[in-house]
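Engineer: Right, I'll just put the structure down here and ask away after.
The values are calculated or read from the model by the stated rules, or taken from the named source; none is laboratory data. Since we're looking at a predicted model, the values are computed, not measured. Here Cβ is always computed from backbone atoms with ideal geometry, including for glycine, and neighbour counts include all displayed protein chains.
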Amino acid sequence: MATVNTVTTVTTVAEIDARLAEFFKGSAVLACSLVFAAGLLITAGWISDCEPLKSPLSYGGKIHSSVGISFMLAASALAATTCGSVTRPLLRVGQLLALVVIATGSLTLVERRWQAPLLRKCVSEKFQRPPRIPENTAGGDDSSL
C-alpha cells in the first residue's frame, strides 16, 4: 500500500495581514497613478485646446478644467497619506490637499448646479416680457375654413 505525504501550509494571521497590507499599498499606488494621469491629460487638453482630451467620453460632454486639477490634487492627497512611509508633515499635506479638493468640488457644485438654475428662474420671472402672439395668427377667425 502506498502512502501519500501531504504537506500542509500554515499561514499565520501576521502573514495574511502583511500580504493584505502590500496588496492595499499596491492598489493605492495604482489608483494614484491612474487618477493623476487622467487629471494631467484633462488639464493638458484644456491648456492645448485639444477636444479629444477635454471630452474623452464619446457620449458625454466636456470635462471641466477644475475636474482635471481636482483629479491631480486628489491623487497627490492619496499618495501623501498612503504610499511609502507616511510622516506627520506628509500626512498634514495630504489632508490639506484633500480639503482643497473638497472646497474645489463644493464651489464647482454651487457654481454649476445651484446658482445657475436660480438665476435663470429669477431672470425669466422678473425681467422677461411674456411672448407676443402676432395678430394674424390669433385664433377666433373661422373665415378661412
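Engineer: Can you find, within segment 74-122, the residue that is modelled with the highest pLDDT among those that are of a type in the set (D, E, K, R) and surrounded by fewer than 11 Cβ atoms within 10 Å (Cβ to Cβ)? Steps first, answer last, please.
Structural biologist: Taking segment 74-122 and keeping what is of a type in the set (D, E, K, R), we get 88, 92, 111-113, 120-121.
Those still in the list that are surrounded by fewer than 11 Cβ atoms within 10 Å (Cβ to Cβ) too: 88, 113, 120-121.
On the way: Arg88: 87, Arg113: 72, Arg120: 59, Lys121: 60.
Out of the qualifying residues, it is Arg88.
Engineer: Does segment 16-24 contain at least one residue that is in a helix (DSSP H, G or I), among the aromatic types (Phe, Trp, Tyr), out of contact with any Ser or Thr (no Cβ under 9 Å at 6 or more places or on another chain) and modelled with pLDDT of 85 or more?
Structural biologist: yes
Engineer: Filter segment 25-50 for residues that are exposed (fewer than 14 other Cβ atoms within 10 Å of the Cβ) and either touching a residue at least 12 places away in the same chain (Cβ under 8 Å) or in a helix (DSSP H, G or I) (or both) and give the result. Give the derivation first.
Structural biologist: Filtering segment 25-50 down to residues exposed (fewer than 14 other Cβ atoms within 10 Å of the Cβ) leaves 25-27, 30, 33-34, 37, 44, 47-50.
Passing the criteria: Lys25, Gly26, Ser27, Leu30, Ser33, Leu34, Ala37, Ala44, Ile47, Ser48.
Engineer: Follow-up. Condition first: outside any helix (DSSP H, G or I), hydrophobic (A, V, I, L, M, F, W, C) and in contact with a helix residue (DSSP H, G or I) (Cβ under 7 Å, 6 or more places away or on another chain). Now tell me which residues in segment 51-85 satisfy that.
Structural biologist: First, the residues of segment 51-85 that are outside any helix (DSSP H, G or I): 55-64, 83-85.
Within this subset, residues satisfying the condition of being hydrophobic (A, V, I, L, M, F, W, C) are 57, 63, 83.
If the condition is that a residue be outside any helix (DSSP H, G or I), hydrophobic (A, V, I, L, M, F, W, C) and in contact with a helix residue (DSSP H, G or I) (Cβ under 7 Å, 6 or more places away or on another chain), then Ile63, Cys83 are the ones that fit.
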